[in-house]
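All remarks here apply to the structure that follows.
No lab work stands behind these numbers, since they all come straight from the coordinates. Just so we're clear, the structure is a prediction, and the values are computed from it rather than from any experiment. Cβ coordinates were reconstructed from backbone atoms using ideal geometry, including for glycine residues, and neighbour counts include every protein chain displayed.
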2 protein chains.
Amino acid sequence: MKATDVRDLFKSPGKYSDKEVMVEGWIRTIRDSKNFGFIELNDGTFMKNVQVVFENNLSNFDEVKKYPTGSAITVKGNLLLTPEAKQLFEIKATEIKMEAESESSYPLQKKRHSLEYLRTIAHLRPRTNTFAAVFRVRSLAAYAIHKFFNERGFIYAHPPIITASDAEGAGEMFRVTALDLDNIEKLDGKTDYTKDFFGKSANLTVSGQLEAEIFALAFKNVYTFGPTFRAENSNTSRHAAEFWMIEPEIAFADLNDNMQLAEDMVKYVISYVMENAKEEMEFFNSFVEKGLFDKLNNVIDSEFGKIDYTDAIEILKKNNDNFDYPVQWGTDIQTEHERYLSEKIFGKPVFVTNYPKEIKAFYMRMNEDNKTVAAMDLLVPGIGELIGGSQREERLDMLEKRMDEMGIEKEGMWWYMELRKYGGVKHAGYGLGFERLIMYLTGMGNIRDVIPFPRTPKNAEF
Amino acid sequence: MKATDVRDLFKSPGKYSDKEVMVEGWIRTIRDSKNFGFIELNDGTFMKNVQVVFENNLSNFDEVKKYPTGSAITVKGNLLLTPEAKQLFEIKATEIKMEAESESSYPLQKKRHSLEYLRTIAHLRPRTNTFAAVFRVRSLAAYAIHKFFNERGFIYAHPPIITASDAEGAGEMFRVTALDLDNIEKLDGKTDYTKDFFGKSANLTVSGQLEAEIFALAFKNVYTFGPTFRAENSNTSRHAAEFWMIEPEIAFADLNDNMQLAEDMVKYVISYVMENAKEEMEFFNSFVEKGLFDKLNNVIDSEFGKIDYTDAIEILKKNNDNFDYPVQWGTDIQTEHERYLSEKIFGKPVFVTNYPKEIKAFYMRMNEDNKTVAAMDLLVPGIGELIGGSQREERLDMLEKRMDEMGIEKEGMWWYMELRKYGGVKHAGYGLGFERLIMYLTGMGNIRDVIPFPRTPKNAEF
């Protein structure tokens with residue numbers, strides 16, 4: 001007999017009613033009286049446990065009673081609908097077999113554990129309700145992203161993870177090396193990278209955008225979805241050294257096309273997850289962020305706002321008294337301002353566009369005012385910036401000017417400049433931090449709790 | 001007027017027949033006579049070019065005639081079905097507009113270029129037929145993998161890229177560091193990693209399997225799909241320092257379940273790509289690997305074979321005269337043997353199982369003979385090994401014994417061992433090198449030509 005996934009039982013219990021089924025999974029809780037007992041069994045395919053009832057007619061009744069929490073078992077029995085009980089159905093066991101007995105030191109006993117403690121047992125926390133829900137949502141959100149872009153004919157591109165260019169992340173990049181650090185060969189007192197694996201200094205990517213532009217100028221519509229890295233020594237609830245990014249890039253497209261794509265994508269992914277992770281999302285709405293559904297439905301149902309940075313600053317300036325960091329034209333917008341705009345002024349997601357060139361990257365397209373660039377940030381209620389993007393500078397002379405002004409080294413960027421010589425039509429794109437999205441979807445407050453094995457300063461366990 | 005994707009025109013030309021359409025794209029070729037001309041336009045959404053006919057009634061006819069190859073243009077015109085011509089339809093231009101003029105030094109002129117040369121212009125090669133086809137197949141194959149696992153309820157897990165454990169790849173791992181290599185602080189003559197970002201020595205992952213096991217023992221069925229790394233100094237057509245791997249891991253599952261999953265997946269992905277990249281696959285079948293369709297259809301239509309390593313060696317030994325490397329029990333199977341088995345003996349894909357423990361990894365489950373482990377390699381005609389996997393050793397005492405025998409450091413692996421204490425039920429999994437799969441699907445012979453920006457010894461360009 002083959003086991004049925006618990007997910008399938010919950011999807012159509014009627015189909016299995018009064019039939020013999022087999023399930024396999026791990027004991028979440030077990031309790032017993034003299035002549036019978038209950039097991040809450042979870043097989044990982046569904047958020048909810050299946051309730052197994054066992055009675056003293058089982059040949060191994062006395063042993064089963066003592067099965068430790070966390071053990072893996074198989075259960076054969078009859079599925080009985082229980083319309084009057086809390087759970088939809090239960091399985092009346094005719095056979096229970098131990099598959100892998102857990103030691104009694106198993107940390108996930110019934111009591112609640114703090115998120116901080118659970119981080120120290122990241123090899124076990126996916127077995128808790130909270131993390132099972134987080135990582136299922138993470139998985140479904142990733143699928144939704146692939147599905148969204150695939151339906152629109154976008155090409156999924158894999159930019160390199162190891163890169164010799166540091167145009168974007170100078171100073172915040174991890175170095176990748178095969179040198180023996182205990183015995184580095186030097187040349188004029190400096191590390192001799194010609195001896196290294198790649199024959200030069202190499203880093204972990206901070207963004208796949210520049211290479212995504214290559215693909216957009218061949219395939220028109222492309223996206224990346226892969227890990228990116230920052231060696232930033234900041235121990236906050238929003239920073240990790242390793243995180244996943246989605247970076248679409250579209251050709252024959254301007255900032256408006258870019259905003260439309262971002263709006264469509266955000267709505268698609270939220271809708272997909274709410275439909276396909278109902279139980280998990282209800283869990284988050286009830287226990288992690290009250291009002292989560294209202295927040296997310298508001299995003300799905302709104303037409304996103306748009307406001308020019310200059311206009312946004314005018315509005316914010318009137319409220320400078322309320323901010324820790326007062327704004328004026330030219331300053332970057334902080335989270336407090338982002339939230340004020342999206343929550344208080346717009347009451348929905350809003351794109352802020354056309355930022356001063358000084359606070360944005362070299363590749364963003366210069367506007368006609370020669371002061372601002374065609375950038376866009378998507379601010380959402382509850383979190384602030386979710387997406388950052390821009391139209392790219394496709395004019396070679398303008399690009400080179402900005403590279404010079406910002407001290408970007410051109411040598412490794414010959415190909416990026418050459419793209420502008422050979423049919424480098426207008427194009428645009430944006431980046432979405434995947435973990436930021438998962439935090440938004442679930443209400444989880446710390447990035448360490450939406451990454452399976454977070455990497456942060458002094459922490460690379462597991 | 002909004003541009004229509006060329007893909008949509010080819011999908012249903014009848015829908016657009018005799019209607020005005022707008023297309024945008026890049027000029028692949030242009031030729032002209034006195035009073036008219038032809039442009040082969042490619043917009044990246046489809047393998048085939050759309051033929052644009054322009055005549056001297058265009059106000060800018062004399063300019064258009066001189067538009068350089070590689071330029072981005074927009075075209076308005078009427079779509080005319082041309083059932084008697086080589087192409088299904090053409091667009092009779094009423095307006096052609098330059099969007100981004102290419103310089104005349106554009107390297108992708110009509111003549112054929114070698115694959116070796118095209119590698120040096122990886123920023124432009126996706127615009128050639130061959131690489132447009134390769135990278136579209138790559139994108140579709142990636143989607144097929146996500147779709148396959150999603151349909152079966154598998155959780156997509158993200159194991160860490162940066163890892164402090166080196167259980168699998170000692171000696172072949174890239175180091176990740178934020179130390180200043182020019183001025184490394186030492187402790188007793190050795191690099192002081194307590195000063196490094198993670199407070200200890202860290203590497204790039206060679207496999208996400210060990211962490212995938214964590215997820216499988218929570219969610220039952222999971223898979224990973226992400227980049228992995230080897231600092232192996234081998235300059236072959238099959239090795240890259242950075243490549244993507246798919247690693248499913250299934251709990252309550254043994255080697256037979258594992259083989260079934262691998263067989264289902266391989267067939268699914270091949271079928272999906274053949275259905276969804278018809279034009280590209282025809283291109284490969286005609287110009288890259290004659291007989292590609294026969295090879296792939298044979299995989300789809302066959303029930304994969306199974307043979308024990310010991311039996312395979314018996315067969316191979318009889319043919320030792322034909323091999324560069326004669327085999328005997330205990331030796332690893334080389335590509336020549338793999339191909340002999342799958343091509344000559346089975347004539348279809350075949351799983352070889354139960355290898356000697358000495359030539360396999362520490363985590364593979366010991367068989368009762370105490371000499372072999374529950375490993376499986378999938379060998380396919382034309383390439384040899386495509387997939388390698390195993391049932392995992394779930395018995396803690398046996399695992400520790402193997403770790404000791406093979407000198408695996410236990411300190412960083414406490415969590416891996418602990419999984420065996422807490423409901424560590426039987427489980428299995430395998431790894432599929434994504435680039436190996438793309439080579440197999442397309443017939444491309446060098447791994448450098450199926451990765452957008454390959455990383456190999458002395459090469460990290462772009």
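Kindly give the distances from B:I315 to its copy-mates, label point to label point, with each label point 7 Å from Cα along Cα→Cβ, as nm values to one decimal ordered shortest first.
In ascending order, 7.1 nm.
Just in the range A:264-329: which chymotrypsin sites (Phe, Trp or Tyr not before Pro) are loop by DSSP and have at most 15 other Cβ atoms within 10 Å?
Taking the range A:264-329 and a limit of 15 other Cβ atoms within 10 Å, the loop chymotrypsin sites (Phe, Trp or Tyr not before Pro) found are A:F323, A:W329.
Quick check for the range B:150-304: number of Lys pairs with alpha-carbon distance under 20 Å, counting only pairs 8 or more apart or on different chains?
Number of lysine pairs found: 7.
Give the peptides B:194-202, A:313-321, B:441-449, B:385-393 in descending order of average Cβ contacts within 10 Å, highest first.
So the order, starting with the most tightly packed, is B:385-393, B:441-449, B:194-202, A:313-321.
Size of the protein assembly as shown along its principal axes in angstrom, Cα-based, largest extent first?
94, 84, 69
At 7 angstrom along the Cα-to-beta-carbon line, where would the label on A:N446 sit relative to the other copies? Give the distances in nm, shortest first.
Its label point is 5.0 nm from the equivalent points in the other copies.
When only DSSP loop residues count, what GluC sites (Glu not before Pro) in the range B:122-207 have their Cβ near at most 14 other Cβ atoms within 10 Å?
B:E185
Give me the inter-chain shielding for A:198-207: mean count of other chain Cβ atoms within 10 Å, whole number please.
Counting other chains' Cβ atoms within 10 Å and averaging over A:198-207 gives 3.
What is the Cα centroid distance between the range A:269-331 and the range B:384-462, reported in whole angstrom?
For the range A:269-331 versus the range B:384-462, the Cα centre distance is 41 Å.
Among A:H158, B:H239, what is the fewest-to-most ranking by other Cβ atoms within 10 Å?
B:H239, A:H158
Tell me, what is the FRET efficiency for B:V288 and A:V288 to the nearest 0.05, using R0 = 41 angstrom and their Cβ-Cβ distance as r?
The computed FRET efficiency comes out at 0.20.
How many angstrom lie between the C-alpha centres of the range A:86-161 and the range B:60-124?
Comparing the Cα centres of the range A:86-161 and the range B:60-124, I get a distance of 50 Å.
Within a 10 angstrom radius of each residue's Cβ in A:18-28, how many Cβ atoms of other chains show up on average? Whole number is fine.
Mean number of neighbouring Cβ atoms from other chains: 2.
I'd like to compare B:376-382, A:398-404, A:43-49: which one has the highest average count of other Cβ atoms within 10 Å, and what's the full order after that?
Output ranking for B:376-382, A:398-404, A:43-49: B:376-382, A:43-49, A:398-404.
Per residue of A:37-45, what is the mean number of Cβ atoms on other protein chains within 10 angstrom of that residue's Cβ?
Neighbouring Cβ atoms belonging to other protein chains average 3 per residue here.
When the convex hull of the Cα atoms of the range A:365-462 is projected onto a plane and the area is averaged over all directions, what value comes out in nm²?
9.6 nm²
Put a point 7 Å out from Cα along the line to Cβ at B:I345; what are the distances to that point in the other copies, in nm, shortest first?
Label point to label point, same position, other copies: 7.2 nm.
Suppose every Lys and Arg Cβ carries +1 and every Asp and Glu Cβ carries -1, with no other charges. What dipole size does the protein assembly as shown come out with about its Cα centre, to the nearest 20 debye?
Charge dipole, the protein assembly as shown, about its Cα centre: 1220 debye, nearest 20.
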